[in-house]
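Taking it in order: structure first as C-alpha cells, then the write-up.
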Amino acid sequence: MMSTVSKFKFLPILLASYISILPVMLIYLCYNSPYATMTLPILCLFFILVFWGTVFRTRAHRVTIDQQCVVVKRYFGLGKSESYALNSLDGFVSLFESGKLGVSENLFILQKGKRVVCISEFYHSNYGELKKILIERLINFGVNDYDVKEEWSNLFK
C-alpha cells in the first residue's frame, strides 16, 4: 500500500522559526536594556501567538494520503494526528492567494462542508503530487473566490 507524505519547503520553515524566535530575543534585549520598555516585545509575542494559533493551525499541515484515509498533523507536523477516511470526505476546493512572493494555490479538503485539511503550494514542495492524488480520489468542487471576511472567519474557527 502506497502512501504519500507532504514535504515542507525551506522558506516557510525558516519564516516560522524566525518569527517564533524574534519575540524571545526582543524580550531578552528589552529586559537587559535600561532604556527599553517591555511593551513592544509583549505585543510582538501576542502577534506570534495569534499567528501560530490561526495561520499555522489552518494552513501548515503535514499530510499523509494513503488508499483509505488522509492523516493530518497541524502546526508543521507538531500537532496531534487526525485521520479522515476518504469515503467520509466531501471533496476539496481550491483557493488562490496572492502575496509578495506571487500567487499560491491552497486546496482545502472538506468534511460536512467544513475545511479539515489544507494542502498549500506555499508550504509544500510536493504540492503537485498531492493535488494529483486528490483529483483522483476526491470530488473537485472547483475554485472559490477569495473573500477576506470568509478567510478571516475561517482563521478563528
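Using 0.36 nm per residue, how much length does the chain from K114 to F10 gain when fully extended, once their Cα-Cα distance is taken away?
34.5 nm
Largest first, how would D90, D66 line up by accessible area (1.4 Å probe)?
D90, D66
In this model, which of K9/K112; K9/K131; K73/K132 are farther than 25 Å apart at the alpha-carbon?
Checking Cα-Cα distances, K9/K112 exceed 25 Å.
R62: accessible area at probe 1.4 Å, nearest 10 Å²?
80
Hey, rough spin-label estimate for D66 and L78, points 7 angstrom out along Cα→Cβ, what's it come to in nanometres?
In this crude label model, D66 to L78 measures out at 2.7 nm.
Keeping all protein chains in position, work out how much accessible area I135 exposes to a 1.4 Å probe, and write it in Å² to the nearest 10.
Result for I135: roughly 90 Å² accessible.
Take the Cβ-Cβ distance between E105 and L22 as r, set R0 to 25 Å, and report the resulting FRET efficiency rounded to the nearest 0.05.
Between E105 and L22 the formula returns 0.30.
Could you tell me the largest-minus-smallest coordinate of the C-alpha atoms of the chain on each of the three principal axes, in descending order and whole angstroms?
61, 35, 27
Mind listing the Cα extents of region 49-141 along all three principal axes, in Å, largest one first?
36, 27, 24
Near the amide H of F8, under 5 Å away, which other amide H atoms are found, from residues 5 or more places off or on another chain, if H is placed in the peptide plane?
So F8 has HN proximity to S125.
Take E121, E136, E129 and sort them by solvent-accessible surface of the protein heavy atoms, 1.4 Å probe, largest at the top.
Most to least solvent-accessible, the answer reads E136, E129, E121.
Along Cα→Cβ, 7 Å out, is where each label goes; now give me the distance between the ones at M2 and D90 in nm to one decimal.
Label-label distance for M2 and D90, simple model: 3.0 nm.
Residues with beta-carbon under 10 Å from that of D90, excluding D90: net charge, scoring Lys, Arg +1 and Asp, Glu -1?
Summing Lys and Arg as +1 and Asp and Glu as -1 gives +2.
If F10, F92, F141 are ordered by their accessible area, calculated over protein heavy atoms with a 1.4 Å probe, which sequence runs from highest to lowest?
Putting F10, F92, F141 in descending order of accessible area: F10, F141, F92.
The values are calculated or read from the model by the stated rules, or taken from the named source; none is laboratory data. Because the structure is a prediction, the values reported are computed rather than measured. Cβ sites come from the backbone with ideal geometry, for glycine too, and all protein chains shown count toward neighbours. The area values use the complete protein model at the heavy-atom level, side chains included, leaving out ligands, DNA and RNA. Shrake-Rupley method; radii C 1.70, N 1.55, O 1.52, S 1.80 Å.
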